[in-house]
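Below: the structure, in structure tokens.
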Amino acid sequence: EHQAWCEDDGVHIDVRGLEPPQPMMAILKLLEDPETGDTVIVHHEREPLFLYPELAERGWDHAIIPAAEGEVRLRLTRQTP
């Protein structure tokens, strides 16, 4: 089961250790929740290349941000219309 929590910089979701396609499904489900807000921080083991087209389709941008070694951390931001 993935972990999700709120911090000052947005909603965080940790999908490390999940088997594909569970990380992508968990992230997309979070983005579809109206209470999620406009910023999501994803804690991942690898760069989720297959996620990027899904994000673009749903109107979200992504950026890789600094993280500890062995972690890929992404900041997802909702595009303003």
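Tabulated data
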read-out	value
Filter result for ASP8 (open to solvent by 100 Å² or more (accessible area, probe 1.4 Å), of a type in the set (Asp, Glu) and on the phi < 0 side of the Ramachandran plot)	yes
Residues satisfying the stated conditions in the range 54-77, i.e. over 18 Å from LEU31 (Cα atoms) and either in contact (Cβ under 8 Å) with a residue 60 or more places away in the chain or not in a strand (DSSP E or B) (or both)	PRO66, ALA67, ALA68, GLU69, GLY70, GLU71
Residues of the range 54-70 that turn out to be within 17 Å of VAL11 (Cβ to Cβ) and open to solvent by less than 60 Å² (accessible area, probe 1.4 Å), as a count	6
First in the range 1-19 and within 14 Å of GLU35 (Cβ to Cβ) and among the aromatic types (Phe, Trp, Tyr), second anywhere and open to solvent by less than 60 Å² (accessible area, probe 1.4 Å) and in a strand (DSSP E or B), Cβ under 6 Å, 6 or more apart	TRP5/HIS12
In the range 1-22, the residues that are among the aliphatic types (A, V, I, L, M) and under 12 Å from ARG73 (Cβ atoms)	ILE13, VAL15
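For every residue, the table says whether it meets (1) touching a Pro at 6+ places or on another chain (Cβ under 6 Å); (2) open to solvent by 30 Å² or more (accessible area, probe 1.4 Å); (3) in a loop (DSSP other than H, G, I, E, B).
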{"residue": "ILE13", "(1), (2), (3)": "no, no, no"}
{"residue": "GLY17", "(1), (2), (3)": "no, yes, yes"}
{"residue": "PRO20", "(1), (2), (3)": "no, yes, yes"}
{"residue": "PRO34", "(1), (2), (3)": "no, yes, yes"}
{"residue": "VAL40", "(1), (2), (3)": "no, no, no"}
{"residue": "TYR52", "(1), (2), (3)": "no, yes, no"}
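The values are calculated or read from the model by the stated rules, or taken from the named source; none is laboratory data. Computed from a predicted model, the values in this text were never measured in an experiment. Every residue, glycine as well, gets a Cβ built from its backbone with ideal geometry; the counts of neighbours run over all protein chains shown. These accessible areas exclude ligands, DNA and RNA; they are computed on the full protein's heavy atoms, side chains included. Shrake-Rupley method; radii C 1.70, N 1.55, O 1.52, S 1.80 Å.
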